[in-house]
Amino acid sequence: MASLILLVCVMYISYGYIETYGQKPNEQIKTLPLDDLIKNGSPFLGDVSAPITIIDFSDFQCYLCNRFVKNTEPLINQTYIQTGKVALVFGHLPNRGLDSMGAALAAQCTNDQGKFWQFHNLLYGNQKTIDSGWVSKENLKNFASQISGLDIKQFNTCFDNEKYKRFVQKDIDLALSFGFRETPSFIVENSNGSNPEMLSGALPFESFKAVIDKKVSAG
């Protein structure tokens, strides 16, 4: 039992969880305006003036995240993002395996060149067993090299220097402050950051539709 507790502690420290903070039971949920998220560098899809924001905290090694991306996200995109009603923001919560942090860092590097969603789709489209080596450093560079128009030298410099390690850690801290421990987890809010509602898991489109339609009609 003692060795198991030690292993859990080591895993938490490796992801920086010991230094994160949790939301107190009666603490008011902080607001996350879309403008601020974009200015801080979070990848997003949609119109900056969309009235509703969905923040998706995910891990590229998470099979439930992959299920959401393949089954639910396209319907949200078609119904709400393409019609200007919703902006989708990606938040990193790399907690599924030891290789998850590297995948998050690589993805954020592609965002520098406006290629995040291509890389996002490429990783989920090639997802394999957690920590099987499919998102090793070498493979992540190979995936990046497949993206048309990506400056691979710029990407490699960003990735090798772990440019976005602090950025990703802030996403982790933010997710944990909302009590999120599993992926995918979502915040659906008005784009000024008000009236947030939280959803967890690879929920069907209907679950998101009910929340979004309610917020749109409340206007």
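The values are calculated or read from the model by the stated rules, or taken from the named source; none is laboratory data. In this text the structure is predicted, and so the values were computed from the model without any measurement. Positions of Cβ are generated from backbone atoms using ideal geometry, with glycine treated the same way; all protein chains shown enter the neighbour counts. Accessible surface is based on the protein model in full, side chains and every heavy atom, while ligands, DNA and RNA are left aside. Shrake-Rupley method; radii C 1.70, N 1.55, O 1.52, S 1.80 Å.
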Subject >> Taking all pairs of distinct alpha-carbon atoms in the stretch 99-142, Kirkwood radius in angstrom >> reply: 10.4
Subject >> the stretch 84-124 - Rg (one decimal) and Dmax (whole number), Cα, Å >> reply: 11.2, 37
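Once the mean 1/r over all distinct Cα pairs of the chain is inverted, what Kirkwood radius in angstroms do you read off?
Evaluated on the chain, it is 17.9 Å.
Which whole-number value in Å² is the accessible area per residue of the chain, probe 1.4 Å? The partial results should precede the final answer.
Working: 11000 Å² over 219 residues.
On a per-residue basis, the chain sits at 50 Å².
Determine, from the Cβ-Cβ distance of MET198 and ILE147 and an R0 of 35 Å, the FRET efficiency 1/(1 + (r/R0)^6), rounded to the nearest 0.05.
Working: r = 32 Å, r/R0 = 0.92.
The formula returns an efficiency of 0.60 here.
To the nearest 0.05, how large is the calculated FRET efficiency for SER177 and ASN71 if R₀ is 22 Å and r is the Cβ-Cβ distance?
Values: r = 28 Å, r/R0 = 1.29.
Here the calculated transfer efficiency is 0.20.
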**OP:** Check cross-link reach from LYS115 to the aspartates and glutamates: straight Cα distance under 12 Å, and skip same-chain residues fewer than eight apart.
**Re:** ASP151
**OP:** May I ask you to give the percent of accessible area on the stretch 125-170 that is carbon plus sulfur, with a probe radius of 1.4 Å?
**Re:** 45
Original post:
Measuring from label point to label point, each 7 Å out along Cα→Cβ, what is the SER217 to THR129 span in nm?
Top reply: 4.7
**OP:** Give LYS128/LYS165; LYS70/LYS209; LYS39/LYS214 a once-over and call out the pairs whose C-alpha atoms are over 20 Å from each other.
**Re:** LYS128/LYS165; LYS39/LYS214
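Beta carbons within 10 angstrom, averaged per residue: use that to sort the peptides 44-51, 125-132, highest first.
Working: 44-51: 17.4, 125-132: 13.5.
Result, highest mean first: 44-51, 125-132.
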Original post:
According to the square roots a ≥ b ≥ c of the eigenvalues of the Cα gyration tensor, what is the shape class of the stretch 104-208, taking rounded for a/c under 1.5, prolate for a/b larger than b/c otherwise, and oblate for the remainder?
Top reply: prolate
